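A.B. asks: Sharing a structure, written as structure tokens. Questions coming.
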Amino acid sequence: MPELPEVETVMRGLDARLTGRTITRASLHRPDLRWPIPPEFAATLSGAKVLGFRRRGKYMFMRLSGGVSALIHLGMSGRMIIDAPFALHEHLTLETNDGGRIGFVDPRRFGALDLIATDAEDTHRLVAGLGPEPLGNEFNAPMLLEALAGRASPIKIALLDQTLVAGIGNIYASEALFRAGISPKRQAGNLGAKRVDRLVPAIKQTLTEAIAAGGSSLRDYVQPSGELGYFQHAWKVYGREGEACEHCPGPPACDGIRKIVQTGRATFYCSKTQG
């Protein structure tokens with residue numbers, strides 16, 4: 001599933017192409033994705049001017065004239081295409097007054113499209129329970145230390161809880177924990193202030209660098225321009241089982257990067273430097 005850096009990259013691409021334009025025609029090519037799409041969705045977008053975009057966790061809001069926002073969620077395999085021919089599994093097409101064309105492609109149909117009043121975005125059922133944005137000022141060490149108190153789950157699993165912090169997924173949780181020198185198996189409630197003080201800036205740095213690189217291209221993800229993201233080339237541990245990490249020589253001198261499975265998700269870490 002696209003994580004925060006990928007969604008942020010997609011949103012920036014859409015913002016550059018759509019904000020200030022008028023959607024002359026919106027066409028839905030099926031009535032549902034993961035959930036039913038409001039019957040008035042296409043009619044509401046048709047003729048509306050795009051005022052801007054906002055991301056909340058892994059969700060995007062496209063803000064329209066008339067005080068309405070369209071919620072867009074990429075799901076597991078969704079992507080946006082800009083000024084490209086009609087694609088297989090394209091479920092939404094937007095045409096703009098300057099001749100532009102944007103398509104929402106989602107082969108597995110785990111994405112979502114919905115409508116909500118712009119001033120009520122934070123009450124939408126998909127975002128109402130989300131935790132703070134990890135790149136915002138609200139996400140800091142005291143806040144995280146308090147939120148982790150009493151949690152018996154491993155810290156890697158806690159970071160995937162979107163009610164704790166919004167937008168972090170499997171890749172960036174592994175990467176941030178490596179940078180902070182924290183074992184993904186360590187109990188979240190016993191992390192302690194010193195480790196949390198290392199973890200918060202590691203999360204912010206990891207996400208910031210990933211956004212700058214256009215996200216990580218894994219399976220279906222590409223930027224709206226069609227370009228790949230490049231952060232996968234900077235992964236320090238994710239997908240690198242058995243290799244040396246940047247601190248250790250790797251086999252045969254040490255075990256190298258290890259892979260374990262936590263709640264069905266792959267976790268990569270260095271057992272020598274992450275404690």
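A.B. asks: Of the residues Arg54, Arg30, Arg63, which is more than 27 Å from Ala173 (Cβ to Cβ), modelled with pLDDT of 95 or more, outside the structural domain of Ile203 (by TED's automatic domain parsing) and assigned to a strand (DSSP E or B)?
C.D. replies: Arg63
A.B. asks: Sticking with this structure for a sec: Can you tell me which of Glu3, Glu40, Glu8 is over 21 Å from Ile171 (Cβ atoms) and of a type in the set (Asp, Glu)?
C.D. replies: Glu40
A.B. asks: Could you tell me whether the range 4-19 includes any residue that is out of contact with any strand residue (DSSP E or B) (no Cβ under 7 Å at 6 or more places or on another chain) and of a type in the set (Ser, Thr, Tyr)?
C.D. replies: The answer is yes; a qualifying residue exists.
A.B. asks: Follow-up. Would you check which residues across the range 75-87 are at pLDDT below 95 and of a type in the set (A, V, I, L, M, F, W, C) and list them?
C.D. replies: Within the range 75-87, Met76, Met80, Ile81, Ile82, Ala84, Ala87 qualify.
A.B. asks: Taking the conditions exactly as written (out of contact with any Asp or Glu (no Cβ under 6 Å at 6 or more places or on another chain), over 26 Å from Ala166 (Cα atoms) and part of a strand (DSSP E or B)), does Ala42 satisfy them or not?
C.D. replies: No; evaluated as a whole, the condition is false for this residue.
A.B. asks: For Gly129, state whether it is outside the structural domain of Leu14 (by TED's automatic domain parsing) and over 28 Å from Trp235 (Cβ atoms).
C.D. replies: When the stated conditions are applied, Gly129 passes them.
A.B. asks: So which residues in the range 1-35 are aliphatic (A, V, I, L, M) and under 17 Å from Gly215 (Cβ atoms), if there are any at all?
C.D. replies: Met1, Leu4, Val7, Val10, Met11, Leu14, Ala16
A.B. asks: If Arg34 passes every condition in (1) in contact with a Phe, Trp or Tyr (Cβ under 9 Å, 6 or more places away or on another chain); (2) crowded, with 19+ Cβ neighbours inside 10 Å but one, which one does it miss?
C.D. replies: (2)
A.B. asks: Shifting gears a bit: Inside the range 136-177, can you point out the residues that are out of contact with any Gly (no Cβ under 7 Å at 6 or more places or on another chain) and in a loop (DSSP other than H, G, I, E, B)?
C.D. replies: Across the range 136-177, the qualifying residues are Gly136, Asn137, Glu138, Phe139, Asn140, Ser153, Asp161, Ile168, Gly169.
A.B. asks: OK, next. Which members of the range 54-80 meet the condition of being hydrophobic (A, V, I, L, M, F, W, C) and surrounded by fewer than 21 Cβ atoms within 10 Å (Cβ to Cβ)?
C.D. replies: Scanning the range 54-80 gives Val68, Leu71, Met76.
The values are calculated or read from the model by the stated rules, or taken from the named source; none is laboratory data. Keep in mind it's a predicted model, so treat the numbers as computed, not measured. With ideal geometry, Cβ positions are generated from the backbone for all residues, glycine too; neighbour counts draw on all protein chains shown.
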